[in-house]
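Structure first, then comments.
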Amino acid sequence: MSPIQFFLRHHQEILQATLEHIWLVGLTMIFAIAIGVPLGILVTRKPWLSKPILGGANIAETIPSLALFGFLLPVPWLGGRADRLAIAALTLYALLPIIRNTSAGIAGVDRAVREAARGMGMTDRQILFQVELPLSFSTMLAGIRIATVLTIGIATIAAAVGAGGLGEFIFRGLAMVNDQLILAGAIPAALLALAADFVLGALERRLRPER
Amino acid sequence: MAPRTPIESDRQPAIEFRHVHYTLSNRELLNDVSFSVARGETLVLLGRSGAGKTTALKMINRLLVPSSGEVLVEGKLTTEWDPIALRRKIGYVIQDIGLFPHYTVTQNISLIPRLEHWPPDRVRERVKEMLETVGLHGKTFEHRYPHQLSGGQRQRVGVARALAADPDILLMDEPFGALDPMTRGEMQNEFKALERHLGKTVVIVTHDVGEALVLGTRIGLMEAGKLARVYSPHDFVHAPDPMAAAYMAQLRVYDEAKGGK
């Protein structure tokens, strides 16, 4: 059976797994952005927090993904369900690029612009929301793009703890030594990553401030 | 304290420094600086880089606070002012201008009026008026972004933005320093006219003695964190002070090169 025939025959299952995958990645990104962007802002406001926060995110990044799933298993509420466990672990991975790019984007705002804003009597909050965040948006988005592509790849491992997604095919294919099964998971995952990269990249270019 | 009589409050200086010191990591950036600026006057702080001019300027809108001594704006210590309220009534122009790159010219100029919740009609009116004031007429500029403007145009927008909320005091840090000499000369002359017309209290920081003589009603010479003396432009030209003389000699070099007397 050719891979194409295989895809056609199993298209419903593949679609199902792809949707699961998108759901895992989507929820992960929502959490990672909701946590990462405020942390990135905090780092620029309290420089002494920069080391612990970025260091912590860095360490999470270095833990092998399978091991991280394992570590989270005994955590009470998380370990109880596979999808919670997977999303928690994936969120930890996605944090670093988001935190780093948020703080780098804000730090990259022209000093003169910030000084003018302060000298004109803008409050800290106004400077953040009306000047710094709009001007660092494209850098922030670049971090989100990196994190999304990364998460789409790592999310295939979530199948190891039973969270579903395209990893199901890959793990089954490995166990059964069936290349077509592996490809049925790997190809849609790669296409998803490319699509996310393209869409977010285009958005980033549109939002990049002119100089 | 006895209530002030109207005459006294009229005489009250717009800005006053009393024995101001400012120390940053063991370096004394300002050393016992005292001066006052009367309402409607233009004081130029003249000196070389690192003389403390900018440091002194930033104390007026409380971007910096003295290590010791006092800075008063309209008779009130800057530390007693709410910093946001203080800064909103003081226009601020810096050499790098710091226009907001994601805002159009109109949005840049109208920022403080909008933050102060002026009604939209009045904001629109004011932007028009300001563009007129700084010589950027008509619709062509309103919707452009800063990166679409020339250096001189950007600086004009910077001045318009600083004047938009009609502040009583205007602070300018090397306002025309980044411009080419031709544009700088034009801007100085225009600003001189504008100054007379607006009647604001202005403090300008510069290292350009020509600019000081053109724009200042008084000139304060700064050196190594100290303010030696404050001169009128006329007195400055003839001052026996060796520093003032050195600045004048520098000007004369240009005059001779021009073939003038």
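The values are calculated or read from the model by the stated rules, or taken from the named source; none is laboratory data. Just so we're clear, the structure is a prediction, and the values are computed from it rather than from any experiment. Glycine gets a Cβ as well: all are built from the backbone with ideal geometry, and neighbour counts include every protein chain shown.
Things to note:
- Under the condition of being among the polar types (S, T, N, Q) and facing chain B (nearest Cβ under 8 Å), the residues counted in the range A:102-117 number 0.
- Residues located in the range B:145-197, provided they are in a loop (DSSP other than H, G, I, E, B) and hydrophobic (A, V, I, L, M, F, W, C): B:149, B:164, B:165, B:176, B:178, B:179
- Residues that are without any contact (Cβ under 8 Å) to a residue 12 or more places away in the chain, farther than 20 Å from residue A:148 by Cα and outside any helix (DSSP H, G or I) do occur in the range A:60-76.
- All of A:114, A:205 fail the test of being in a helix (DSSP H, G or I) and modelled with pLDDT under 90, apart from A:205.
- Any hit, the range B:132-144, residues being more than 20 Å from the chain's Cα centre (by Cα) and part of a helix (DSSP H, G or I): yes
- Of all residues in the range A:162-180 being in contact with an Asp or Glu (Cβ under 9 Å, 6 or more places away or on another chain) and of a type in the set (A, V, I, L, M, F, W, C), the one that is surrounded by the fewest Cβ atoms within 10 Å (Cβ to Cβ): A:163
- Near pairs, Cβ below 6 angstrom, 6+ apart or cross-chain, from the range B:101-126 (more than 14 Å from chain A (Cβ to nearest Cβ)) to any residue that is part of a helix (DSSP H, G or I) and of a type in the set (Val, Ile, Thr): B:106/B:127
- Evaluated against (1) closer than 30 Å to residue B:11 by Cα; (2) touching a helix residue (DSSP H, G or I) at 6+ places or on another chain (Cβ under 7 Å); (3) assigned to a loop (DSSP other than H, G, I, E, B), residue B:113 falls short on exactly one condition, (3).
Rundown of residues vs (1) touching a strand residue (DSSP E or B) at 6+ places or on another chain (Cβ under 7 Å); (2) among the small types (Gly, Ala, Ser); (3) surrounded by fewer than 19 Cβ atoms within 10 Å (Cβ to Cβ), yes/no style:
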{"residue": "B:62", "(1), (2), (3)": "no, no, no"}
{"residue": "B:86", "(1), (2), (3)": "yes, no, no"}
{"residue": "B:98", "(1), (2), (3)": "no, yes, no"}
{"residue": "B:116", "(1), (2), (3)": "no, no, yes"}
{"residue": "B:124", "(1), (2), (3)": "no, no, yes"}
{"residue": "B:129", "(1), (2), (3)": "no, no, yes"}
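- Qualifying residue in the range A:139-159 (condition: more than 17 Å from the chain's Cα centre (by Cα) and either part of a helix (DSSP H, G or I) or under 21 Å from residue A:18 (Cα atoms) (or both)): yes
- Within the range B:92-118, being aliphatic (A, V, I, L, M) and more than 17 Å from residue B:159 (Cβ to Cβ) holds for one residue alone: B:115.
- With respect to the conditions (1) more than 14 Å from chain A (Cβ to nearest Cβ); (2) in contact with a Leu (Cβ under 9 Å, 6 or more places away or on another chain); (3) at pLDDT 90 or above, residue B:133 lacks only one, and its number is (3).
- Verdict on residue A:134 being assigned to a helix (DSSP H, G or I), more than 14 Å from chain B (Cβ to nearest Cβ) and at pLDDT 90 or above: no
- In the range B:72-84, the residue that is farthest from the other protein chains (Cβ to nearest Cβ) out of those that are in a strand (DSSP E or B) and surrounded by fewer than 17 Cβ atoms within 10 Å (Cβ to Cβ) is B:77.
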